[in-house]
Each structure stands twice: as structure tokens, then as C-alpha cells.
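To start, the structure itself, in C-alpha cells.
The values are calculated or read from the model by the stated rules, or taken from the named source; none is laboratory data. Just so it is clear, the model here is predicted, and its values are computed rather than measured. Here the Cβ positions follow ideal geometry from the backbone for every residue, glycine too, while neighbour counts run over all protein chains shown.
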Amino acid sequence: MRILSGIQPSGALHLGNYFGMMRPAIELQEQGEAFYFIADYHALTTVRDPAALREHSRNVALDFLACGLDPARARLFRQSDVPEVTELAWILSTVTPMGLL
């Protein structure tokens, strides 16, 4: 099984983040290929300061590791490290009505 999930670095993490995403993600890393991303592009809607966004992204990664994410079993990356994300978003935006995105 392949797993893909993301978490926004929009501020300090809280119990909702832990129980809603991080804990299940850590449990699922044992069941297949696990890919987790820090959704920094998504956070641009709420975090405007680049330095704060970098800091929040770093803190999410550190918190994920501290909670038990195993780098040998799961991949953790920033959404912005994958240029195909913006390429695909642009392509889809030219051919798909906004309501279907």
C-alpha cells in the first residue's frame, strides 16, 4: 500500500494535528510506502512572511520526527520541493473549471 498525506505549516502544531494526522501517519508508516509532505504552498493562504513559513515548516518536520516518524520507513518532504505540483496546478487551471478543482 502507498500512503500520501500532508500537513500545513500554518503555525504551532496542536493536539488536533497530532491525533488527526501525525499519529495515524506514524502508525501507517509500518504498512507500506509512506510519503508525507509539508504543505507549504497551501500555507501561503495564511502565512505571508517567508521567514515564518520556513520556521513553521522546520518545526513541523522536527515535531514529526519527535513523535516517531522513522526516516528509514517514510519520506518527509516540502511540497515546494516538487516542481511538478505547480506545473500540474497550472495545467489543470487552464482546462478545468474552478468549481471542479
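No other residue among Arg75, Arg48 is part of a loop (DSSP other than H, G, I, E, B) and of a type outside the set (Ser, Thr, Tyr) apart from Arg48. Close Cβ contacts (under 6 Å, 6 or more residues apart or on different chains) running from residues in region 79-99 that are closer than 17 Å to Asp40 by Cα to residues that are among the charged types (D, E, K, R) comprise Gln79/Asp40; Ser80/Asp40. Please pick out the residue among Asp63, Asp70 that is part of a loop (DSSP other than H, G, I, E, B) and at pLDDT 95 or above. Going through Asp63, Asp70 in turn, just one is part of a loop (DSSP other than H, G, I, E, B) and at pLDDT 95 or above: Asp70. Which of the residues belonging to region 1-35 are of a type in the set (D, E, K, R) and assigned to a helix (DSSP H, G or I)? Once the filter is applied, which keeps residues that are of a type in the set (D, E, K, R) and assigned to a helix (DSSP H, G or I), region 1-35 yields Arg23, Glu27.
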